[in-house]
Amino acid sequence: QACFTLTAAVGMMFYLNPAFSLCVLLPLPFVLMLSIKTGRLLTGRYKELQESITNLFDFLETCFTGIRVIKANAKEPSQLEFFKTRTAAQSAAEISTAKLQIIFSYFWHEAGFVSIALLYTAGGLMVISGRATLGELVAFQFYAGMVVQPLMDISQFVVAGNRAGVSIGRVNELLTARSSLKSGLGDKTTPNHITSLEFRGAGLKNPKGDAMLIRHITFKAVRGQRVAVVGRIGCGKSTLLSLALRLAEHDAGEMLVNGTDIREWNLHLFRERVGYTAQEASIFSGTLRDNILMDRTFGVTPEMLEKALETAQLAKELHKFPKGLDTVVGTRGFALSGGQKQRVAIARALLTGPDVLLLDDATSAMDAQTEDHFWKAFRKEHPDALCLAVTHRLKTIETSDLILVLENGGLAEKGTHSELMAQGGVYKQIYERQKLEEELGGTKGGAYAG
């Protein structure tokens, strides 16, 4: 409507009196230039404002989820002061942006006054000299208003559009993001069971450079085996599991499932046959039941749920929760202990009876007896499952069918416990160091956890 009104008014003005029309429209190019510069500045301000709001909410979320740590360290006053500083800066940024927005809007408002002033100055002289009539001058005063008002509406639209554009841009980053994973030309359907997982010189580059995060990883695991992955902090253990789950695409070597390139299998169906528990158990808002089922209601029976709870050593603790499986766990599992979080995550991974189980230090918060019961129950209920476990627990490592020792992103050694101890290499150093720490009652993780 504003564009139609503006076009009609300008056309009528030039039809009646081109000289008066130039007087009315003369300030507009200058105001347009200033508006463009201010609009660009506004866009930058809006972007900074959105990022500031995001950081503020991130800070609040971190405080609420880590409230126990804050209280334990008596840091309430410092966190409150930091929050006040953040909110004060946010308020100042909002006010500054609002001021700039007002200035932008008033460019066109003031342009109307300048246009009318020019019209009366030049038009008055023309009326006195007889080159125009008084009626034309009065008519152009109304036309000037008809031109300026639509321009003000358009400027408000531009201001709102700039702010919306910044928000849309942030959302668009998510919508246009594409996975680097390659589905493969065959897109084969995963067979009834995954019977083997093999790495042949597999490696992964750092996305921020050409350095390799892990390299030259070669091993083969088959059904019924448990493979332990050990090594110092930052050696690439978690990255290895990410490759096995195809959360990342290998850049070197080969990865085979049942003897076929992993990229040829249907990614979604492949992951349905794999259970995964991260180093930090992910717990979602909702009930215990919701966290374990994860909307997988079709084909999941009560017996499957009960079996997963028993294997994860969680069934015996259900009586501790007010409503059992229907107990709300809070944001990020606020109501659960570290060990309970891990067992919920393990029960989730075991629910559908996966062919491959990937555990990234998922039993670190369990006591030794609970972990021992878990492994016995796991092998009893899932005798054919292939398990790839990052761990630092000596008993778990010793009883594994194959041990992979990572060092600086590479596979330093592999074999059984007795074979590696006989070699007297990196594994023996890690094992003896960890054994000493356990005997002295040191921390669970020691220097080589992670």
Item checked: Leading residue by the ranking (surrounded by the fewest Cβ atoms within 10 Å (Cβ to Cβ)) among those in the stretch 253-275 that are in contact (Cβ under 8 Å) with a residue 24 or more places away in the chain and hydrophobic (A, V, I, L, M, F, W, C) -> Leu269
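Does Glu371 meet the test of being among the acidic types (Asp, Glu) and over 27 Å from Leu305 (Cα atoms)?
Numbers: among the acidic types (Asp, Glu): yes; over 27 Å from Leu305 (Cα atoms): no.
No, not satisfied.
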Notebook entry, point to check: Any idea which residue in the stretch 16-60 is modelled with the lowest pLDDT, counting only those that are touching a Ser or Thr at 6+ places or on another chain (Cβ under 9 Å) and of a type in the set (Ser, Thr, Tyr)?
Noted result: Ser35
Notebook entry, point to check: If only one of Ala349, Ala362 is hydrophobic (A, V, I, L, M, F, W, C), closer than 30 Å to Lys435 by Cβ and either in contact with a Leu (Cβ under 6 Å, 6 or more places away or on another chain) or at pLDDT 90 or above (or both), which one is it?
Noted result: Ala349
Notebook entry, point to check: Out of all the residues in the stretch 310-327, is one or more at pLDDT 90 or above, in contact with a helix residue (DSSP H, G or I) (Cβ under 9 Å, 6 or more places away or on another chain), in a helix (DSSP H, G or I) and surrounded by fewer than 19 Cβ atoms within 10 Å (Cβ to Cβ)?
Noted result: yes
Check: Is the stretch 95-106 home to any residue that is surrounded by 15 or more Cβ atoms within 10 Å (Cβ to Cβ), over 30 Å from Thr331 (Cβ atoms), of a type in the set (Lys, Arg) and at pLDDT 75 or above?
Finding: no
Next item on the list: Under 9 Å between Cβ atoms, at least 6 apart or on separate chains: pull out the pairs that start in the stretch 277-292 with a residue that is free of Cβ contacts under 8 Å to residues at least 40 places away in the same chain and end on any residue that is of a type in the set (Ser, Thr, Tyr) and part of a loop (DSSP other than H, G, I, E, B).
Entry: Arg289/Thr327
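Identify all residues within the stretch 61-79 that are of a type outside the set (D, E, K, R) and surrounded by 12 or more Cβ atoms within 10 Å (Cβ to Cβ); write none if there are none. It would help to see each step written out before you state the result.
Quick first cut of the stretch 61-79, residues of a type outside the set (D, E, K, R) only: 62-67, 69-70, 72-74, 77-79.
If the condition is that a residue be of a type outside the set (D, E, K, R) and surrounded by 12 or more Cβ atoms within 10 Å (Cβ to Cβ), then Thr62, Cys63, Phe64, Thr65, Gly66, Ile67, Ile70, Gln79 are the ones that fit.
Pull up the stretch 359-391, narrow it to residues that are in contact with an Asp or Glu (Cβ under 7 Å, 6 or more places away or on another chain) and assigned to a loop (DSSP other than H, G, I, E, B), then point me to the one that is surrounded by the fewest Cβ atoms within 10 Å (Cβ to Cβ).
Residue satisfying both the conditions and the ranking: Ala385.
The values are calculated or read from the model by the stated rules, or taken from the named source; none is laboratory data. What you are looking at is a predicted structure, and each value in this text was computed from that prediction instead of being measured. Counting neighbours? That spans all protein chains shown, and the Cβs are built from the backbone with ideal geometry, glycine included.
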